[in-house]
There are 2 protein chains.
Amino acid sequence: MNTLSYGLLSLLNRNSRTGYELMQHIQPFWQAKHSQIYPLLAQLEQKGHVQFVHVPQSDKPDKKVYSLTELGREALRQWILKPTDEPVTRDELMLKVYCIGLVDRDQARKVIEDREVFYRQRLLKFEKSYEQLQQNCEKRLDELGLQDPQFSHYVLLHKALARVKGDLAWCDWVKAKL
Amino acid sequence: MNTLSYGLLSLLNRNSRTGYELMQHIQPFWQAKHSQIYPLLAQLEQKGHVQFVHVPQSDKPDKKVYSLTELGREALRQWILKPTDEPVTRDELMLKVYCIGLVDRDQARKVIEDREVFYRQRLLKFEKSYEQLQQNCEKRLDELGLQDPQFSHYVLLHKALARVKGDLAWCDWVKAKL
DNA sequence: CTTTATTATGTCATTATTGACATATAGATG
DNA sequence: CATCTATATGTCAATAATGACATAATAAAG
């Protein structure tokens, strides 16, 4: 079973979700299209790691709400203890920087600024969900710790936020040099 | 032509290199195995974007040193001006965090610490090459700017270093909470 | 009134990427 | 003396991931 499949189980450990929701929530740490996720969910269902219930909706298309089974939870426990794969990053912008001297200053600056716009949108999105979460989680940390159902979400958002702030700082720094 | 192919051309714009060297130098921003890079270089050679010369070696296996052609350089100029793909990250550790509550504190801490070891090795590697580069580049920035052959390398290492420092800080922060 | 965006699911051909195999030399470790 | 690591190239089957297509309801924008 591949990493993304475990990732889907991992999200389902916190909440039951639809395939569509899983795709949205896994995004910051593992980008995948729905065309990859739906077949994997079908596989996981066949193996008995997840279950689903049809939820008819009148205003929107019907959905399938998936939840983790005990078998799936046991698979997760074993997965956590296995060695963790190294993180993969693939960033076209960085590859462009290697030859940025081929274009003039204004064009080079625009390449960086376009990415800055992207990072700023991400920052806004993360900041919104982070702030309430932070206050709640820090308060309850002493009592609940790892068992707090929001703890992992808080820890992950912290990472995503720090990452994107660092990326934006780099954009500023390099623009000043161009 | 795919992004990695342009990335290889981009590296070759700075220096002529072997496929093996390209694989090593592109690593921080685009992880790829030699089994992907060698076929792409063969394609690029057929299209006339790169050339190579055989360099016999007695102590090590013979190598092929690739260099960028004028056609390849022109392809790069057009590539830079096209919209840049969003960066892709795939991090198994983050997916594990979603269900870290399934194991006990010590096991959870070990998962983070293993990644910390990996980050620390990266930090050492980047720091070594960065420091001399920084002094040289900052001095020459006023005179040469983008045209400094080491400028892009400096800017990229700055990014890689900042990234890994942030990642290490997160490891510390989250370990204190576990 | 048409187009676009969001929610929601799915399939399938194509492309990208990996892992295993293969070969070869030198130096280090055990 | 055997094994491991690094350098250096290459092929190919298997897997992972994308992009295009398909369907369908609602709401908003032009």
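The values are calculated or read from the model by the stated rules, or taken from the named source; none is laboratory data. None of the values given here were measured: they were computed from a predicted structure. Neighbour counts are summed over all protein chains in view; Cβ atoms, including those assigned to glycine, are modelled from backbone coordinates with ideal geometry. Just so you know, the surface numbers come from the protein's heavy atoms only, side chains and all, with ligands and any DNA or RNA stripped out. Shrake-Rupley method; radii C 1.70, N 1.55, O 1.52, S 1.80 Å.
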Assess whether B:A162 counts as being at the interface with chain A (Cβ under 7 Å from one of its Cβ atoms), under 28 Å from A:N15 (Cβ atoms) and part of a helix (DSSP H, G or I).
-> no
Of the residues in the stretch A:48-70, those that are at negative phi and away from DNA strand D (no atom under 13 Å from the Cβ) number 14
Any chance A:E45 is in contact with a strand residue (DSSP E or B) (Cβ under 7 Å, 6 or more places away or on another chain) and away from DNA strand D (no atom under 15 Å from the Cβ) | yes
Consider B:Q107 carefully, then state whether it is among the polar types (S, T, N, Q) and either within 16 Å of DNA strand D (Cβ to nearest atom) or at pLDDT below 95 (or both).
-> no
Starting from the stretch B:12-24, keep only residues that are more than 21 Å from A:L102 (Cβ to Cβ), then list their pairs with residues that are away from DNA strand C (no atom under 16 Å from the Cβ) whose Cβ atoms are within a distance under 8 Å, requiring at least 6 positions of separation or different chains.
-> B:T18/B:V65; B:T18/B:Y66; B:G19/B:Y66
Where residues in the stretch A:9-33 are under 16 Å from A:K159 (Cβ atoms) and of a type in the set (S, T, N, Q), which of them is farthest from DNA strand D (Cβ to nearest atom)?
-> A:S10
Of all residues in the stretch B:76-124 being at the interface with chain A (Cβ under 7 Å from one of its Cβ atoms) and among the hydroxyl-bearing types (S, T, Y), which is most open to solvent (accessible area, probe 1.4 Å)?
-> B:T84
Unique match (being closer than 30 Å to A:Q107 by Cβ and of a type in the set (D, E, K, R)) among B:K96, B:K82, B:K125 | B:K82
Quick one: in the stretch A:60-70, of everything that is in contact with a helix residue (DSSP H, G or I) (Cβ under 8 Å, 6 or more places away or on another chain) and more than 7 Å from DNA strand C (Cβ to nearest atom), which residue is nearest to the other protein chains (Cβ to nearest Cβ)?
-> A:L68
Kindly indicate whether any position in the stretch B:125-140 is assigned to a helix (DSSP H, G or I), aliphatic (A, V, I, L, M) and within 11 Å of chain A (Cβ to nearest Cβ).
-> no
Residue that is nearest to B:R90 (Cα to Cα) [pool: residues in the stretch B:1-59 that are hydroxyl-bearing (S, T, Y) and within 10 Å of DNA strand C (Cβ to nearest atom)] | B:T3
